[in-house]
Amino acid sequence: MFDIIGCITNDHDPWMVGLAATICLLGLTALYLLLVRAEECIENRRRSWTAIAALTAGLSIWSTHFLAMLAYRGRFPIDFDLWLTMVSAAVPVAGIWAALTFDRHRQTRPVVIVTGLILSFSVAAMHFVGMNALIVQARIHYDGIAIAQALAIGTLFLTLSICTHRRLGGWARIIVPVALGALGIVTLHFGAMGSTTLIPGGVEVGASSHLIERHIVSRAVIIAMALIVLTMIAAAVIDRLLTDLRGLTGATREGIAILKNGRIIEANPRLATLLGTTTAQLIRSRPEDWLEASDGAPLMLIPDRPAEARPHGVTDCCLEIATHEIEYRGRRAIVLAIRDLTEERRAQRQIAFMAVHDPLTRLPNRAYFSQALETAITQADQKGPFALLALDLDRFKAVNDLFGHAAGDSILCRVASILTDAVDEASVVARVGGDEFLILQRGIDGAEKVQRLTETILSSFAAEMDLSRDPMAVGVSIGVSLFPKDAADADTLRQNADVALYRAKMSGRGTASFFDHELDQTVRNRRALEHDLRHALLRDQMRLVYQPLVATGGAAIIGYEALLRWEHPERGEVVPDDFVPIAEDTGIILQLGEWVLREACRTAASWPAPMTLAVNVSPIQFQIPNLPEIVSRALIDSGLAAGRLELEITENVLLHNRESTLKTLHALKAIGVGIVMDDFGTGYSSLSNLRCFPFDKIKIDRSFISGVTDDEAARSIVRAIVGLGRSLNLPVVAEGVETVEQHRMVLEEGCPQAQGFLFGCPGEGPVYAAPSALRRRP
């Protein structure tokens, strides 16, 4: 080490040595910066930058060696052989390229060591080839041991240089490897120089024509290497910036082009993709060659004013174009930005479509139809009268419940297709509810054209929806109102169509009805009553009254039957015969029935035992599977004993779903409540029903009791029913006893219980004895 330091300080020009060291540091800095740049590039560019790095580093190391040789101040003048000097410059370039290529593929520890050896031997080979290029009047003698030591130390430093570049991050991966690499190169060069001895004798300087003037060479080398190194560093930095910029423009979703004199001079790949061409074909072309205005007109580019365009001949594409003036390469230019709005516009159209259309059937929805209806009314003076058809599907709810919602959706789509095929282009078909459709038929001269349309629809349903072949088939009922004949505004027109539809469904379904002011007044009243009935419970308009049930022998009251009354604020008291059928048709009876049961049980719980409570149960209530749970909950909540509750049913309960109804009846009987057959004798299978279920009581229909005094047949029927009950050990109740004579006749026939106005009108609360006049036997 001391020999190396002495060689540097005593035998070399320090300024030249410093200059050589500077070139070495610059070259190594360029090497590692270029390697970083190579790592950032794709494979093809990485190989190019690796080769550039090897060239820069190799020439820098050679320049370091050459300047250091020129800095030597020995006793003998020296010159250089041109060809060997050129060979010595090529050696480190080739060696460094081989080392970097070897290291790039496999970066394990042995590979790093081998890479360091390749670098150090390349530098050593360069040194000794350069030494052989010396032309000096002396013989050169080498100290092999000292050279080996210098080679080992140089190899260590160069290996560490490569290793730290791989391991460190940030600027440390540049600074530390540069310092270690410089130490390795300096050690190799000056260690080898320190182990070299010049012995007088040899070739006379100037004898060869290939000699190089050392001062000229030194200046040329310094200038050339400085330019090479600085150029390479600048190239790496600029290339990185340009590549990053191209990457950004290539990654953007916008197509970008630079225009000069109206022609494209630069374009990113995205623009070529949008226009369906290549970047090369775009260069030197005009935007008008590729684009036209969205309406097909010639393209007009106005700076800072966005516009919409499309490629020539492409109608389903929407591009937004914007231009702006910029400075490009020192001159004014135009930047053109193009954004693809096709999907955005398609989404906007889809949103706009879905806002006024049904998502399932793709038919217009209620909002669209309402606007079309208002427009038709406004234009009626110019375009003539029109018809509004309200359609409702028959059996759809049953199909939907039985086969599932997917099957229901399929049915709705089939219906939409049938209706669309049935109307002309001027008509509008809309789905406005679950199974509700509306049709606006324009251009009618009278009811005949509308009649033909309804017949077409009904016949199409009959053909497409044949219940005998398709269990999922549905029917359709149609209500029609005409403008301006039936109404002068949209709301009234729709109401009248609904009223006509309601009448069509009441007349047997699968039919069409035209609105008629006189015929539909009853329907209007019924619909109004239905509307009020839906809110009657919430408005506290319902109340219960109780009619007594007496033992005929002593006319003692043994129980009460709960009866429902509706106190309408405008209509007064509405009789059950008017509102119960509506409640059963619409399903409102389920809510009413549960309320009656709970309220009656709560009231009866305060009566003295064993006074009974009778509550009527509608056939509709037996269609719900949890009726036993509802009854049980009402008993538990009220505290009424199950044995005091009697549920009265009619024979209609057993006409539909007989098996499930009997199952429900057995579940109710298991709770402990009594089951009473009401209106006995009026059905087709009264005796059969008594056989299939063990009823607790039967009630003779009032129609037989009313004729018992003057109709021997009626009296015989009463006698037979009482005898049947006695033989089956069933109590029998005579319903509708209103006169003393009827009471006497019933008593004579042996009927144990009776009910009717004779024993008291239905009242708010029970009394515990019958009128005194009836306590005496007639």
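The values are calculated or read from the model by the stated rules, or taken from the named source; none is laboratory data. Note that the coordinates shown come from a computational prediction; the quantities given were computed from them, not determined experimentally. Here the Cβ is made from the backbone with ideal geometry for all residues, glycine too, and neighbour counts use every protein chain on show.
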- Task: Specify which of the listed residues (Ala562, Ala583) is among the hydrophobic types (A, V, I, L, M, F, W, C) and over 30 Å from Met506 (Cα atoms).
- Result: Ala562
- Query: For the subset of the range 513-545 comprising residues that are in a loop (DSSP other than H, G, I, E, B) and of a type in the set (A, V, I, L, M, F, W, C), which member is modelled with the highest pLDDT?
  - Reply: Phe515
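Residues are listed down the side, and each one gets a yes or a no for (1) at pLDDT 75 or above; (2) of a type outside the set (Gly, Ala, Ser); (3) surrounded by 11 or more Cβ atoms within 10 Å (Cβ to Cβ):
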{"position": "Leu241", "(1), (2), (3)": "no, yes, no"}
{"position": "Asp244", "(1), (2), (3)": "no, yes, yes"}
{"position": "Ala267", "(1), (2), (3)": "yes, no, yes"}
{"position": "Ala272", "(1), (2), (3)": "yes, no, yes"}
{"position": "Leu275", "(1), (2), (3)": "yes, yes, yes"}
- Message: Restricting to the range 596-629, give me the number of residues that are closer than 23 Å to Glu651 by Cα and surrounded by fewer than 17 Cβ atoms within 10 Å (Cβ to Cβ).
- Response: 5
- Does Gly74 count as among the small types (Gly, Ala, Ser), modelled with pLDDT under 70 and in the same structural domain as Leu188 (by the TED database)? yes
- Item | One residue from Ile636, Ile675, Ile671 being in contact (Cβ under 8 Å) with a residue 40 or more places away in the chain and either aromatic (Phe, Trp, Tyr) or surrounded by fewer than 20 Cβ atoms within 10 Å (Cβ to Cβ) (or both) | Ile671
- Query: Within the group Val653, Val737, Val676, which residue is among the β-branched types (Val, Ile, Thr) and either assigned to a loop (DSSP other than H, G, I, E, B) or over 60 Å from the mean Cα position of the chain (by Cα) (or both)?
  - Reply: Val737
- Hey, any hits in the range 321-331 for a residue that's farther than 22 Å from Gln495 by Cβ, buried (at least 18 other Cβ atoms within 10 Å of the Cβ) and of a type in the set (A, V, I, L, M, F, W, C)? yes
- Message: Condition check: among the acidic types (Asp, Glu) and touching a strand residue (DSSP E or B) at 6+ places or on another chain (Cβ under 7 Å). Does Glu573 satisfy that?
- Response: yes
- Message: So His656 ticks every box in (1) surrounded by 14 or more Cβ atoms within 10 Å (Cβ to Cβ); (2) over 21 Å from Val737 (Cα atoms) but one. Which box is left unticked?
- Response: (1)
- Item | Yes/no for Gln547 being in contact (Cβ under 8 Å) with a residue 40 or more places away in the chain and in contact with a strand residue (DSSP E or B) (Cβ under 8 Å, 6 or more places away or on another chain) | yes
- Of (1) of a type outside the set (Lys, Arg); (2) surrounded by fewer than 21 Cβ atoms within 10 Å (Cβ to Cβ); (3) touching a residue at least 12 places away in the same chain (Cβ under 8 Å), Gln382 satisfies every one except (3)
- Message: Condition (residue is part of a loop (DSSP other than H, G, I, E, B) and not assigned by the TED database to the domain that holds Ile439) applied to the range 558-568: is it met by at least one residue?
- Response: no
- Pairs returned, first residue in the range 1-30 that is outside any helix (DSSP H, G or I), second residue that is of a type in the set (Gly, Ala, Ser) and modelled with pLDDT of 50 or more, beta-carbon separation under 6 angstrom, 6 or more apart or interchain, are His12/Ala71; Asp13/Ala71
- Leading residue by the ranking (nearest to Ala488 (Cα to Cα)) among those in the range 390-406 that are assigned to a helix (DSSP H, G or I) and out of contact with any helix residue (DSSP H, G or I) (no Cβ under 8 Å at 6 or more places or on another chain): Lys397
- Only residues that are assigned to a helix (DSSP H, G or I), free of Cβ contacts under 8 Å to residues at least 12 places away in the same chain and of a type outside the set (A, V, I, L, M): list them for the range 679-718, please. Ser688, Arg691, Glu712, Ser716
- Query: Would you say Asp316 is touching a Gly at 6+ places or on another chain (Cβ under 6 Å) and either exposed (fewer than 13 other Cβ atoms within 10 Å of the Cβ) or within 30 Å of Phe514 (Cβ to Cβ) (or both)?
  - Reply: no
- Message: Among the residues that make up the range 407-425, is at least one of them of a type in the set (A, V, I, L, M), loosely packed, with under 12 Cβ neighbours inside 10 Å, within 28 Å of the chain's Cα centre (by Cα) and part of a helix (DSSP H, G or I)?
- Response: no
- List every residue pair whose Cβ atoms sit under 8 Å apart, with the two residues 6 or more apart in sequence or on different chains, where the first one lies in the range 752-763 and is within 24 Å of Asp696 (Cβ to Cβ) and the second, anywhere, is at pLDDT below 85 and among the small types (Gly, Ala, Ser). Pro752/Gly553; Phe759/Ala555; Phe759/Ala770; Gly760/Ala770
- Message: Can you go through Val580, Val574 and tell me which one is β-branched (Val, Ile, Thr) and more than 50 Å from the chain's Cα centre (by Cα)?
- Response: Val574
- With respect to Arg691, is the statement that it is among the basic types (Lys, Arg), modelled with pLDDT under 85 and in the same structural domain as Gln753 (by the TED database) true? yes
- So which residues in the range 426-463 are in contact with a Phe, Trp or Tyr (Cβ under 8 Å, 6 or more places away or on another chain), surrounded by 19 or more Cβ atoms within 10 Å (Cβ to Cβ) and not β-branched (Val, Ile, Thr), if there are any at all? Ala430, Arg431, Asp435, Leu438, Leu440, Gln441, Arg442
- Message: Take Ala734 and tell me if it is among the hydrophobic types (A, V, I, L, M, F, W, C), within 13 Å of Phe680 (Cβ to Cβ) and surrounded by fewer than 16 Cβ atoms within 10 Å (Cβ to Cβ).
- Response: no
- Message: I want to confirm something. Restricting to the range 606-623 and keeping residues that are aliphatic (A, V, I, L, M) and at pLDDT 85 or above, which single residue is farthest from Asn657 (Cα to Cα)?
- Response: Met611
